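Accompanying notes for the structure given below.
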Amino acid sequence: MGGPDDNFDKQPLTKVTLTRYYWLGATDVTQAQYEDVTGENPSTFKGNELPVETVGWDDAMEFCQKLTKREHGAGRLPEGYAYTLPTEAQWEYACRAGTTGPRYGKLEDIAWYSGNSDQTTHPVCRKQPNAWGLYDMIGNVWQWCFDWHGNYPGGDVSDPTGPSVGSDHICRGGSWGNTAAYCSSDYRDGDDPDVLGHSWAGFRVALAPIR
């Protein structure tokens, strides 16, 4: 994890080993999916296939909890697994999809950002996915991660979940309103989990071992 410079908390480079299987949503959670689970749609830009946005970290976690309860009750969850937000390490591993540079493809081809978005979100799956079939890992909306924001530990770590306490939760990927510098596999940002959310803030779910 990390990047070649010391800006934006990208240093020190940290070697991460992920020892437990997890799945990640192929797209950001759409407005149709969010409304199906919660009965609500807080988004600024409306459209069933647009990513849900204007959601805070607390909203995203509440969605995951409701989805887990529904799917567990229907007998559709593996034993010991739950829907949640990906850890920052899980997100970065999935975003990179085996690549080592800042992006998994040409920015114009893989992402909606300030240079091509017309200052709005766009339906999921309209840009090229990464090598593992994940769409919009970069651009469209920022994606909340499970971790509190904090410095990388450096060295070798296994299954990191970030600091035990903090004031901001990690957001990754950049959004429709950001320049190219923010839209990369290694750029990090954070925000208050209690905020109502912004039109740039969305999320995707992970199906992971219960933490």
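Taken together, the values in this text are just the output of simple stated rules run on the coordinates, not laboratory data. It should be emphasised that the depicted structure is a prediction, and the values quoted were computed from it without experimental measurement. Cβ placement follows ideal geometry from the backbone for every residue including glycine, while neighbour counts extend to all protein chains displayed.
Considering only alpha-carbon pairs that sit under 8 angstrom and 6 or more positions apart, the relative contact order computed for the chain is 33 percent. Fully extending the segment from ASN41 to GLU62, taken as 0.36 nm per residue of separation minus the present Cα-Cα distance, adds 6.2 nm.
A 30 angstrom limit on the alpha carbon distance is what I want to check against. Which of LYS15/LYS66; LYS10/LYS69; LYS46/LYS106 exceed it? In this structure, LYS15/LYS66; LYS10/LYS69 lie more than 30 Å apart at Cα. Enclosing the Cα atoms of region 95-211 in their convex hull gives a volume equal to 127 cubic angstrom per residue.
Sorted into 10 angstrom bins from 0, the C-alpha pair distances of the chain split as 9, 37, 39, 14, 1 percent.
Here the mean projected area of the convex hull built on the C-alpha positions of region 1-42 is 5.5 nm². With the helix formula -39500 (n - 2.57) applied to DSSP H stretches of n ≥ 4, the chain reaches a computed 222 nm mean residue ellipticity of -5000 deg cm²/dmol. Sites listed here are GluC sites (Glu not before Pro) in region 80-187 whose DSSP assignment is loop and whose Cβ has at most 11 other Cβ atoms within 10 Å, and the list is empty.
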